[in-house]
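Down below is the structure, laid out as structure tokens.
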Amino acid sequence: MSVIILAIESSCDDTSAAVVRDGVVLSNCVANQDAHQQYGGVVPEVASRAHQANIIPVVDLALKKAGVGKDEITAVGFTRGPGLLGSLIVGTSFAKSFALAHDLPLIEVDHMQAHVLAHFAEDPKPEFPFLCLTVSGGHTQIVLVRSYSDMEVLGKTLDDAAGEAFDKSGKLLGLGYPAGPLLDKLARQGNPVFEFPEPSMEGLNFSFSGLKTSILYFLKKKTAENPEFIRENLTDICASVQHTIVTILLKKFRKAARQTGIKELALAGGVSANSGLREAFTALGEKEGWKTYIPAFQFCTDNAGMIGVTAYYKYLAGDFCGQDTSPYARQL
Ligand code: KG4
Ligand code: ZN
């Protein structure tokens with residue numbers, strides 16, 4: 001008999017629902033919240049309210065697109081954390097209520113684990129053990145993935161995440177929120193002619209807060225000399241910022257690969273949508289003799305498909321949770 005999971009993701013500003021049958025994503029629907037653009041970042045209270053408004057329509061759409069009725073669902077998977085508490089509470093409460101009403105088992109999913117297991121939504125799938133560079137708006141991690149459930153964080157950011165580095169740099173350049181995709185687009189039209197210092201971090205950890213400060217001072221100095229500097233050099237500045245972030249990420253990833261001897265390498269998280277990172281990762285993989293994996297765009301950014309895939313493997317392992325579960329804001 002098929003295992004059909006209804007999955008819910010509401011950790012930040014996207015409300016998403018998916019239907020996953022036997023590990024295959026039948027539908028993956030996302031309601032984006034444009035309201036945050038006017039504030040230049042995600043406003044937690046606004047996000048929670050929008051989740052409340054969006055969750056039922058998004059679930060209805062996911063069921064309709066999958067051609068699956070409510071009575072055909074086998075289990076309900078949901079993001080328990082990490083993320084914004086008010087946002088997580090909406091998805092968690094919905095998942096609990098749905099499971100209670102239909103007498104279904106509940107499966108809690110860790111958002112970061114799901115970003116890694118997004119690789120199992122489609123072929124080609126990496127082989128265990130593999131290394132995953134998970135880069136999102138809230139996290140930057142190098143993860144050693146031994147199995148669907150055994151993951152070890154080998155390195156992480158000690159301050160800003162890679163996505164924040166993109167977003168904050170873009171903000172300094174006057175780009176809208178989230179600046180990451182806009183900066184990527186502009187970078188493609190420019191050249192990395194400006195140099196920004198890379199942090200000297202020990203081991204496999206990252207730091208991005210210094211980059212933001214050096215960009216700020218660089219822009220202040222240049223605009224004092226020429227008030228039109230940003231406008232006249234926007235694409236080259238974007239290309240330089242992107243090049244620096246990508247270089248920092250891939251140097252550590254290469255170090256992790258050489259240290260562990262692992263040749264299966266994967267990118268995950270919203271920043272893996274970045275064209276410069278994708279190209280440089282693929283090129284580095286060819287040079288280093290790695291097999292490289294990047295999920296399809298819909299499985300890079302926050303989505304319930306990856307929650308459903310993770311919940312499916314937890315279902316097979318009999319890993320369920322009770323109705324007394326509650327969300328967590330920081331990774332456990
Ligand atoms: O994984 P995600 O959708 O949400 C979190 O879990 O945080 O990642 C969102 C982050 C944002 O910082 C956004 O600017 C960044 O991913 N991002 C990008 C690109 N697309 C999304 N950054 C650089 N280039 C992109 N193309
Ligand atoms: Zn995410």
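The values are calculated or read from the model by the stated rules, or taken from the named source; none is laboratory data. Note that the structure is a prediction, hence the values are computed from the model and not measured. Counting neighbours? That spans all protein chains shown, and the Cβs are built from the backbone with ideal geometry, glycine included. Note: areas computed on protein heavy atoms with side chains; ligands, DNA, RNA excluded. Shrake-Rupley method; radii C 1.70, N 1.55, O 1.52, S 1.80 Å.
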| Failed item, numbered, when PHE196 is tested on (1) of a type in the set (Phe, Trp, Tyr); (2) open to solvent by less than 50 Å² (accessible area, probe 1.4 Å); (3) within 13 Å of ligand 1 (Cβ to nearest atom) | (3)
| message | So for the range 86-93 (the condition being touching a Lys or Arg at 6+ places or on another chain (Cβ under 8 Å), open to solvent by 20 Å² or more (accessible area, probe 1.4 Å) and at pLDDT 95 or above), does at least one residue qualify? | response | no
| Taking the range 171-214, which residues are assigned to a helix (DSSP H, G or I) and free of Cβ contacts under 8 Å to residues at least 60 places away in the same chain? | LEU172, ALA179, LEU182, LEU183, LYS185, LEU186, SER209, GLY210, LEU211, LYS212, THR213, SER214
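Rundown of residues vs (1) surrounded by fewer than 23 Cβ atoms within 10 Å (Cβ to Cβ); (2) over 18 Å from CYS12 (Cβ atoms), yes/no style:
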site	(1), (2)
LYS255	yes, yes
LEU267	no, yes
GLY270	no, no
SER275	yes, yes
GLU279	yes, yes
GLY285	yes, yes
ALA296	yes, yes
ALA304	no, no
TYR312	no, yes
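Residue-wise test of (1) open to solvent by 60 Å² or more (accessible area, probe 1.4 Å); (2) within 16 Å of ligand 2 (Cβ to nearest atom); (3) more than 17 Å from the chain's Cα centre (by Cα).
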| site | (1), (2), (3) |
| --- | --- |
| HIS119 | no, yes, no |
| LYS125 | yes, no, yes |
| VAL143 | no, yes, no |
| TYR148 | yes, no, yes |
| MET151 | no, yes, no |
| LYS156 | yes, yes, no |
| PHE166 | no, yes, no |
| query | Of the residues LEU250, LEU277, which single one is under 21 Å from the mean Cα position of the chain (by Cα), under 14 Å from LEU204 (Cβ atoms) and in the same structural domain as PRO192 (by TED's automatic domain parsing)? | reply | LEU250
| field | Residue count for the range 98-122, restricted to those that are in contact (Cβ under 8 Å) with a residue 40 or more places away in the chain and assigned to a helix (DSSP H, G or I) | value | 13
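Results for (1) aliphatic (A, V, I, L, M); (2) in contact (Cβ under 8 Å) with a residue 12 or more places away in the chain; (3) part of a helix (DSSP H, G or I), shown as yes or no for each residue.
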| site | (1), (2), (3) |
| --- | --- |
| GLU286 | no, no, yes |
| PRO295 | no, yes, no |
| PHE299 | no, yes, yes |
| GLY305 | no, yes, yes |
| ALA311 | yes, yes, yes |
| query | Going by the conditions given, is THR325 in contact (Cβ under 8 Å) with a residue 24 or more places away in the chain, away from ligand 1 (no atom under 15 Å from the Cβ) and open to solvent by 50 Å² or more (accessible area, probe 1.4 Å)? | reply | no
| note | Residue hits (the range 70-107; in contact with a Phe, Trp or Tyr (Cβ under 9 Å, 6 or more places away or on another chain), closer than 28 Å to VAL43 by Cα and polar (S, T, N, Q)) are THR92
| Is it the case that the range 123-133 has a residue that's in a loop (DSSP other than H, G, I, E, B) and aromatic (Phe, Trp, Tyr)? | yes
| request: Can you tell me which residue among ASP14, ASP22, ASP60 is without any contact (Cβ under 8 Å) to a residue 12 or more places away in the chain and charged (D, E, K, R)? | output: ASP60
| said: Residues that are of a type outside the set (Ser, Thr, Tyr), within 28 Å of LEU63 (Cβ to Cβ) and modelled with pLDDT of 95 or more: does the range 227-246 have at least one? | reply: no
